[in-house]
Amino acid sequence: MRRGPLRQRPFRLLFAGRAVSSFGDRLVPVALTFAVLHLTGSPTDLGIVLAAQSVPLVVFVLFGGVWADRLQRQRVMLVSDDVRFAAQAVSAVLILDGTARVWQLAVLQAIYGAAEGFFVPAANGVVPQVVAPEDFQDANALLGLSENATSIAGPAVAGVIVVAIGAGWGLAVDAATFLASAAFLVALRIDPALRSPQRQATTM
């Protein structure tokens, strides 16, 4: 905490928000798999729902990078967290009350994937705005380490949740992580005049 990027409060908040959000993301594939297979038992339906999430993510990452550079990145991330919270909260409610349909889950996961497509480039672009230049490499290393850790812990925890209390609760926990991420981002203070080196170069 006394050395490196974690000594800087803005980065600690960003790191915590991204770690929580990433953990929630890792719950989704497991929870969705059990939810859809329990609903219809069809691998085709499962493929449709998972593709509905992944295709918009890939597409909107390309557009998200452009908008993240034009808009305030912190705001883009907050809106993305809010949209993903809503999508996963509604998905969880539909699954838990037994009224979910495959098309509903597909639409909601498409919204989720599109919102994540905006979040990723904004989150990457904001790093130079919250750490000193000499800490940039270490900051990215810490964020990468967090991603790797959650990719291991998330599915394991998701399996426990699904077996113990049901797939819908896995999505409910995911929704809650976006509220936590948004809370960290709200506490984050970034000077609006401070821009990343890449954007400064394009305006010179």
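The calculated FRET efficiency for the pair residue 163 and residue 99, based on their C-beta separation and a Förster distance of 22 Å, comes to about 0.45. Protein heavy-atom surface of the chain, 1.4 angstrom probe: 68% of the accessible area is carbon and sulfur, with nucleic acids and ligands not counted. Calculate the FRET efficiency for residue 124 and residue 156 from the Cβ-Cβ distance with a Förster distance of 22 Å, rounded to the nearest 0.05. My answer for the efficiency is 0.25.
GNM on the chain, C-alpha springs below 10 Å: top fluctuator among 22, 42, 181? In the Gaussian network model the winner is 42. FRET efficiency for the residue 148 to residue 55 pair, using the beta carbon distance and R₀ = 25 Å, is estimated at 0.50.
Label zone of residue 38 (point 7 Å out along Cα→Cβ, amide N under 13 Å): in region 99-141 this covers 99-100. With contributions of -39500 (n - 2.57) from each DSSP H run of at least four residues, the per-residue ellipticity at 222 nm computed over the chain stands at -29500 deg cm²/dmol. Rolling a 1.4 angstrom probe over the protein heavy atoms with all chains in place gives region 103-143 an accessible area of 39 Å² per residue. Between helix 9-39 and the chain there is an angle of about 20 degrees, using the helix long axis and the longest principal axis of the Cα atoms. Straightening the chain between residue 136 and residue 75 buys 19.8 nm, computed as 0.36 nm per residue apart minus the Cα-Cα spacing. For the chain, the longest principal axis of the alpha carbon atoms and the long axis of helix 43-70 meet at an angle near 20°. Summary of the geometry: region 1-50 and region 112-181, compared by the centres of their Cα atoms, lie 5 Å apart.
Probing with 1.4 Å while keeping every protein chain in the model, the per residue accessible area of region 38-101 equals 55 Å². For the chain, modelled as a GNM whose springs connect Cα atoms under 10 angstrom apart, the maximal fluctuation among 152, 111, 161 occurs at 152. Which net charge results when you count Lys and Arg as +1 and Asp and Glu as -1 among the other residues whose beta-carbon is under 14 Å from that of residue 105? Net local charge, residue 105 excluded: -2.
Of the options [x] 17.7, 57; [y] 17.1, 51; [z] 16.6, 47, only one is Rg and Dmax of the Cα atoms in Å as computed from these coordinates, and that is [x]. Within the listed set 37, 46, 143, the Gaussian network model of the chain (springs between alpha-carbon atoms below 10 Å) gives the highest mean-square fluctuation for 37.
The values are calculated or read from the model by the stated rules, or taken from the named source; none is laboratory data. Computed from a prediction, not measured in an experiment: that's the story for all the values here. No Cβ is skipped: glycine too gets one built from the backbone with ideal geometry, and neighbour counts run over all protein chains shown. Keep in mind that these areas ignore ligands, DNA and RNA; they rest on the heavy atoms of the full protein, side chains included. Shrake-Rupley method; radii C 1.70, N 1.55, O 1.52, S 1.80 Å.
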